[in-house]
Amino acid sequence: MKYDYVTAKTYDEAIMDIKKKYGDRAMIIRRTEHAEGGFLGFGKKRYVKVLVSISDDEYLKKSKEGFAYLQSNLKGAGTPEKTVPATKPPIDSGVKNSIQGESISLSILMEKLNNLEKVIQYKEFNKGENIHPNLEEIKDILKENEFFDDFINELIEEINKSLPLSKINDKSEVHKFVYEYIKKDLQISGGFKLDNVKKVLVLVGPTGVGKTTTVAKIAANAIRDKINIELITIDGYRLGARFQLEKYAEIMNVKMMNIEDNMELQRVVALSKADMIIVDTTGRSQKDEINILKMKQLLDLRNCALEFVLTISANTKQKEVERIFKSFDIFDYKNVIITKIDESDSIGAIINACIDKKKAIMYYTDGQKVPNDIEKADIFNIISKIKGLETEIFFSLAKY
Ligand SMILES: Nc1nc2c(ncn2[C@@H]2O[C@H](COP(=O)(O)OP(=O)(O)O)[C@@H](O)[C@H]2O)c(=O)[nH]1
Ligand SMILES: [Mg+2]
């Protein structure tokens, strides 16, 4: 944007000069009357000085685009739809029609530029430091819950695209949008399903997340539901771990076996009369890829509904979550169990990873007590774990 002073004897002449020199690109900013020379107030030379701003072509193009954008985006938000002002700009008497026309077109341009300014402000508002306070708040909430930046930014963009300003101004509308957005993409399986074929449920995951405890919880609840189950551990090299499951099996009075190789496993599964076999796996580190590969080979089973479940602790640091999801990819797991929710403030990263990788949440566990501290996941109990998201109103409206 450039600026120029145009001086002429009269305002009309100045307008004509401006039009000749700059065409449509000029916008009048200020007009001042001057007088100089003469003696004792007589013979002074009078003239008009007009300050104009000159837009470059790119700016003018943006103005037009910006105006269209504003019209489509800010409709209903109190933005004037008409570009031509109701009152004509003041024009001196005796001004020619053509000049009047020029003034109107300059006014229209001025109006367009004003609107462009609003568009820029609106865009700026939703970017960087000037983000709308309600979007700023939701951003903070999701960050606090350890959702990933990419997810948050996409969500904010989606809100800007889908919600009119009048709804963005309403905090509960923004929260509702976030709830719907997560609900739309988050898969929930809410427990295992039995098929006609024998089910083999295998819990994999990092050491110490609570696999053995969770196996015991699932088993105890299945027994309560009169499902015939058996337990297998391939955690044999860690004697302590094996005894841990043995102890649970003893209390629940279910069969438990320690398996060392694939042949043995195939035989045991084939001979089993159970509806479901739950397998507790080694607690070796997920960084140990060779062991993961060996485990995969050991667990290669046919003629049964083999299902791997990733067990991950809610305590897992945000940057670890993606790596863990990835390192167990080899098992082609479809479901996730979140453990130790009672010890963590934020499960956003896990929810986020489940959305990204299209994994369903099966259960969450919230304490050490077997069998009680486990819940089948549903959309309400999972989303309500997002601290700061006001979900009560939507839950009360939603049908179970
Ligand atoms: N607070 C809490 N502790 C849990 C939960 N699940 C398991 N634990 C504890 O975590 C520790 C490791 O559990 P374990 O089942 O041996 O983990 P594994 O190595 O994955 O088999 C034990 O002390 C469990 O009691 C849970 O949901 N909440
Ligand atoms: Mg274990």
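Data table
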read-out	value
Residues located in the range 205-230, provided they are of a type outside the set (D, E, K, R), under 33 Å from the mean Cα position of the chain (by Cα) and either surrounded by fewer than 23 Cβ atoms within 10 Å (Cβ to Cβ) or within 11 Å of ligand 2 (Cβ to nearest atom) (or both)	205, 206, 207, 208, 209, 210, 213, 214, 215
Residue, modelled with the lowest pLDDT, within the range 271-307, restricted to residues that are more than 17 Å from residue 259 (Cα to Cα) and within 16 Å of ligand 2 (Cβ to nearest atom)	286
Whichever residue in the range 253-263 is more than 15 Å from ligand 1 (Cβ to nearest atom) and among the hydrophobic types (A, V, I, L, M, F, W, C) and, among such residues, is surrounded by the fewest Cβ atoms within 10 Å (Cβ to Cβ)	263
Residues that are among the hydrophobic types (A, V, I, L, M, F, W, C) and within 18 Å of the chain's Cα centre (by Cα), drawn from the range 158-187	159, 163, 168, 174, 177, 178, 182, 186
Tabulated pairs, the range 192-207, first assigned to a strand (DSSP E or B), second among the β-branched types (Val, Ile, Thr) and away from ligand 2 (no atom under 16 Å from the Cβ), C-beta under 8 angstrom, 6+ apart or interchain	199/277; 200/269; 200/277; 201/277
Matching entry among 303, 315 (being open to solvent by 60 Å² or more (accessible area, probe 1.4 Å) and either in contact (Cβ under 8 Å) with a residue 40 or more places away in the chain or outside the structural domain of residue 279 (by TED's automatic domain parsing) (or both))	303
Test result for residue 234, away from ligand 1 (no atom under 16 Å from the Cβ) and among the hydrophobic types (A, V, I, L, M, F, W, C)	no
Lone unmet requirement of (1) open to solvent by 60 Å² or more (accessible area, probe 1.4 Å); (2) over 30 Å from the mean Cα position of the chain (by Cα); (3) at pLDDT below 95 for residue 233	(1)
Cβ-Cβ under 7 Å pairs, at least 6 apart or on other chains, the range 166-188 side open to solvent by 60 Å² or more (accessible area, probe 1.4 Å), far side of a type in the set (Gly, Ala, Ser)	166/76; 166/77; 187/360
Among residues of the range 348-379, those that are open to solvent by less than 20 Å² (accessible area, probe 1.4 Å) and under 22 Å from residue 171 (Cα atoms), counted	1
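The values are calculated or read from the model by the stated rules, or taken from the named source; none is laboratory data. Just so it is clear, the structure is predicted and the values come from calculations on it, not from any experiment. Cβ: placed from backbone, ideal geometry, glycine included. Neighbour counts: every protein chain shown. The accessibility values were calculated without ligands, DNA or RNA, using every heavy atom of the protein model including side chains. Shrake-Rupley method; radii C 1.70, N 1.55, O 1.52, S 1.80 Å.
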